[in-house]
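Working notes for the structure below.
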Amino acid sequence: MYIKKITQILRKLEIITYASVRRTSDWWQNVSLGPPDPILGLTEAYNLNKHPKKMNIGVGGYKDDEGKPYVLPCVREAEAIIAGKKMDKDYAPIQGIAEFNEQSAKLAFGGESYVIRNSLNVTVQAVSGTGALRLGGAFLKNFFPGSKIIYLPSLTWLNHVPVFKHSGLDIKTYKYYDPETRTLDFCGLMEDIGNMPENSVILFHPIAHNPTGVDPTREQWVEISHAVKRKRLLVFFDMAYQGFVTGDLDADAASVRLFIDECHHILLAQTYSKVMGLYGERIGAFTVITGSEEEAGRVLSQLKILIRAMYANPPLHGARIATEILKSEKLTKQWTDELKGMAQRIISIRQKLKQGLEREGSTRNWDHVISQRGMFCFTGLNPEQVKKLTEDFHIYLNTNGRISIAAVGSNNVDYLAHAIHQVTK
Ligand code: PGU
């Protein structure tokens, strides 16, 4: 009897203690379930699907003609050289590996660029393109004296919005793509620039616009540059596809270099994810063009403080690979040949897709499949049609109708054409 009483008391105490612990540690009860990522979430869904014909054409990652991930042979060679050097694993400097930063700036601006000759560029290693944009966002939030608004093209890479929001900037859009004509809405773009408040920030994709594959012409870039200057806008270029369109690194950087020649003090995000296929290595660079070497020193000091607080210093391996390739004439030549190979395979898949759609009997106009540039095709499919492609054909793509042509192979392009025709006829 006595023992029973004690046990009851102990039990009660335990419950009380447990309840009080529970009460104080219910920290996350108001955390709501977030939606899957609109791009990377597709891979999660794709991985769960067991259908033999399933296709993941949602994520912008280059695959070989059999749909397998492709490691560039120049990357394999660079890795062999690095392995042979038995390098240490010490921390990189806060701003990253100096040689990598130099080579990245040369790649973007050209070795003879006046900004490099006069040390006007502050180029730091970044955690890939996303990290470069995020660092740029933090720099703008903290130091840009103008408005904290960043203007993005209406239709842009989906992650631009959360990256800049997370940086504390306000997002507005400018007209870019005309869905009727499937071309650049140049008049709308110029009109919107004309209406922007002075000293705002405007983001451009310098080549292979994601998701539309529609870029301004050289003449249009010149006009844009003049309009931007009239409004004293700060230009942030997000260059994710240099070399991916033509295989010519200089040609694909033409818009960035035009702005440099016209004395714009731009910001630039670069990534080696696509162009060297270094997706998972998370390697990129961020540049601020300044007005003097002294200003450059001050800007670098503040970037280092921001980096230190965000991730301390960047990883080594991807930077070492890119540096080996960029500093060797032989490997750079091999790299550009391999870039050309990737660009050509994408163009040939575009042609096969269009032919396939015609063979299926589609009477729609599919010219844009061929005319758009870069990794993506902005098909014009609506969310309902996209849903049907996924449900009926096990094809995963973004609800905005964007497909990564670079992830389609000769073995499944006809299946894709058949499926697209079925949902659009
Ligand atoms: N900027 C643009 C225009 C991009 O398309 C991408 C990647 C990035 C920056 C960032 O690339 P990093 O991998 O951080 O270097 N866009 C791809 C990749 C998947 C994703 O959304 O991250 C895409 O599918 O749009």
query = Out of all the residues in segment 101-120, is one or more more than 27 Å from P197 (Cα to Cα), of a type in the set (F, W, Y) and within 16 Å of the ligand (Cβ to nearest atom)?
reply = no
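Could you please give the count of residues in segment 405-422 that are in contact with a strand residue (DSSP E or B) (Cβ under 9 Å, 6 or more places away or on another chain) and closer than 23 Å to T363 by Cα?
Applying the first criterion (in contact with a strand residue (DSSP E or B) (Cβ under 9 Å, 6 or more places away or on another chain)) to segment 405-422 yields 405-409, 412, 415-416, 419-420.
Then drop every residue that is not closer than 23 Å to T363 by Cα, which leaves 405, 408, 412, 415-416, 419-420.
Residues in segment 405-422 being in contact with a strand residue (DSSP E or B) (Cβ under 9 Å, 6 or more places away or on another chain) and closer than 23 Å to T363 by Cα: 7 in total.
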note = Exactly one of K304, K274 is at pLDDT 95 or above, out of contact with any Leu (no Cβ under 8 Å at 6 or more places or on another chain), over 11 Å from V127 (Cα atoms) and part of a loop (DSSP other than H, G, I, E, B), and that one is K274
Cβ pairs under 7 Å, 6+ apart, first in segment 165-189 and on the phi > 0 side of the Ramachandran plot, second surrounded by 14 or more Cβ atoms within 10 Å (Cβ to Cβ) and modelled with pLDDT of 95 or more = G168/K141
ask   = How many residues does segment 312-336 contain that are without any contact (Cβ under 8 Å) to a residue 24 or more places away in the chain and either of a type in the set (V, I, T) or under 9 Å from F100 (Cβ atoms) (or both)?
value = 1
ask   = Can A227 be described as within 15 Å of the ligand (Cβ to nearest atom), aliphatic (A, V, I, L, M) and in contact (Cβ under 8 Å) with a residue 12 or more places away in the chain?
value = no
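Residue check: is G111 out of contact with any strand residue (DSSP E or B) (no Cβ under 7 Å at 6 or more places or on another chain), farther than 30 Å from S371 by Cβ and surrounded by fewer than 18 Cβ atoms within 10 Å (Cβ to Cβ)?
Working: out of contact with any strand residue (DSSP E or B) (no Cβ under 7 Å at 6 or more places or on another chain): yes; farther than 30 Å from S371 by Cβ: yes; surrounded by fewer than 18 Cβ atoms within 10 Å (Cβ to Cβ): yes.
Yes, satisfied.
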query = Is it the case that L169 is more than 15 Å from the ligand (Cβ to nearest atom) and touching a helix residue (DSSP H, G or I) at 6+ places or on another chain (Cβ under 9 Å)?
reply = yes
query = D250 versus (1) under 30 Å from A407 (Cα atoms); (2) within 19 Å of the chain's Cα centre (by Cα); (3) modelled with pLDDT of 95 or more: which is the lone unmet condition?
reply = (2)
message = Consider segment 373-425. How many of its residues are farther than 28 Å from T156 by Cβ and touching a Ser or Thr at 6+ places or on another chain (Cβ under 7 Å)?
response = 2
ask   = Here are some residues: S147, S167, S113, S128. Which one is closer than 23 Å to R230 by Cβ and among the small types (G, A, S)?
value = S147
note = Matching residues in segment 276-295 (of a type outside the set (D, E) and within 16 Å of the ligand (Cβ to nearest atom)) number 11
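Return a yes/no flag: does segment 184-203 have any residue that is in contact with a His (Cβ under 9 Å, 6 or more places away or on another chain), assigned to a loop (DSSP other than H, G, I, E, B) and of a type outside the set (S, T, N, Q).
Step one: list which residues in segment 184-203 are in contact with a His (Cβ under 9 Å, 6 or more places away or on another chain), which gives 184, 203.
This time we only want the ones that are assigned to a loop (DSSP other than H, G, I, E, B), so: none.
Taking every residue of segment 184-203 in turn, none turns out to be in contact with a His (Cβ under 9 Å, 6 or more places away or on another chain), assigned to a loop (DSSP other than H, G, I, E, B) and of a type outside the set (S, T, N, Q).
Say we look at segment 72-96 and pick out the residues that are of a type in the set (A, V, I, L, M) and within 16 Å of the ligand (Cβ to nearest atom); which of these is nearest to A343 (Cα to Cα)?
First, the residues of segment 72-96 that are of a type in the set (A, V, I, L, M): 72, 75, 78, 80-83, 87, 92, 94.
Checking which are within 16 Å of the ligand (Cβ to nearest atom) leaves us with 72, 75.
Numbers: L72: 13, V75: 17 Å.
Filtering first and then ranking leaves L72.
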request  = From (1) surrounded by fewer than 21 Cβ atoms within 10 Å (Cβ to Cβ); (2) free of Cβ contacts under 8 Å to residues at least 60 places away in the same chain, pick out the condition that doesn't hold for E293.
outcome  = (2)
query = Since I403 meets every condition but one in (1) within 14 Å of the ligand (Cβ to nearest atom); (2) surrounded by fewer than 24 Cβ atoms within 10 Å (Cβ to Cβ), which condition does it not meet?
reply = (2)
inquiry  = What's the total number of residues in segment 134-164 that are within 16 Å of the ligand (Cβ to nearest atom) and without any contact (Cβ under 8 Å) to a residue 24 or more places away in the chain?
reply    = 3
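To keep it simple, each residue is scored yes or no on (1) more than 14 Å from the ligand (Cβ to nearest atom); (2) at negative phi; (3) touching a strand residue (DSSP E or B) at 6+ places or on another chain (Cβ under 9 Å); (4) not charged (D, E, K, R).
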site: G247; (1), (2), (3), (4): yes, no, no, yes
site: T271; (1), (2), (3), (4): no, yes, yes, yes
site: K274; (1), (2), (3), (4): no, yes, no, no
site: G297; (1), (2), (3), (4): yes, yes, yes, yes
site: S301; (1), (2), (3), (4): yes, yes, no, yes
site: N313; (1), (2), (3), (4): yes, yes, yes, yes
task = Please tell me if I3 is surrounded by fewer than 10 Cβ atoms within 10 Å (Cβ to Cβ), at pLDDT below 65 and not basic (K, R).
result = yes
key: Identity of the residue in segment 253-269, more than 10 Å from the ligand (Cβ to nearest atom) and assigned to a strand (DSSP E or B), that ends up nearest to the chain's Cα centre (by Cα)   = L268
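Does K68 satisfy being out of contact with any Leu (no Cβ under 9 Å at 6 or more places or on another chain) and either modelled with pLDDT of 90 or more or not basic (K, R) (or both)?
On the way: out of contact with any Leu (no Cβ under 9 Å at 6 or more places or on another chain): yes; either modelled with pLDDT of 90 or more or not basic (K, R) (or both): yes.
Yes; evaluated as a whole, the condition is true for this residue.
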inquiry  = I'm checking my understanding of the structure. Among residues of segment 84-133 that are outside any helix (DSSP H, G or I) and free of Cβ contacts under 8 Å to residues at least 12 places away in the same chain, which one is farthest from Y311 (Cα to Cα)?
reply    = E112
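The values are calculated or read from the model by the stated rules, or taken from the named source; none is laboratory data. Given the structure is predicted, the values throughout are model-derived calculations rather than measurements. Every residue, glycine as well, gets a Cβ built from its backbone with ideal geometry; the counts of neighbours run over all protein chains shown.
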